[in-house]
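Reading through the structure tokens given below for one structure.
Coordinate-derived values only; no laboratory data. Fair warning: this is a prediction, and the values are worked out from it, not measured in the lab. Note: ideal-geometry Cβ built from the backbone for every residue, glycine included; neighbour counts use all protein chains shown.
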Amino acid sequence: MNEISTNEQFDHLTEEVRAIIAQKRFEAGIALLEMRHEIGKAILDSPLWQFHKKGQGELINRISATVGLKDRSILYCVEFATRYPDFAGFIQEYGDGKLPKWYQIVRKELPSGERDEPEAVSCKHCPEHCP
């Protein structure tokens, strides 16, 4: 084999490997989001959720302790399934092949998501911001 042919084959092989990596990462991302959605849906559909309507935090804490996920993660799963009852519709909303990362969904889409606190605004002698 000559060097040009070998280089072309190598380039083709590395392109194929990159495509496989990208596809599998995308599929894994969908699988993780689907897992979180299914967890939330299972909790929402459970009669225990309705029974503990006023004390749902206790139910989430018990589930968390039993399955080994943080209670906040369980809560996010429930909120995700509430916000997007149809997982297929969620996927179609991001149909361009770029799904948001979980932390982006949590921060931007979910009511109790972790958010950076807005920076306090203060300036000298401003009646709008300063007392």
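Worth pointing out:
- Sites D71 and K98 - FRET efficiency at Förster radius 22 Å, r taken between beta-carbons, to 0.05: 0.15
- Charge tally in the Cβ shell below 15 Å around A19, where Lys, Arg are +1 and Asp, Glu are -1, A19 excluded: -1
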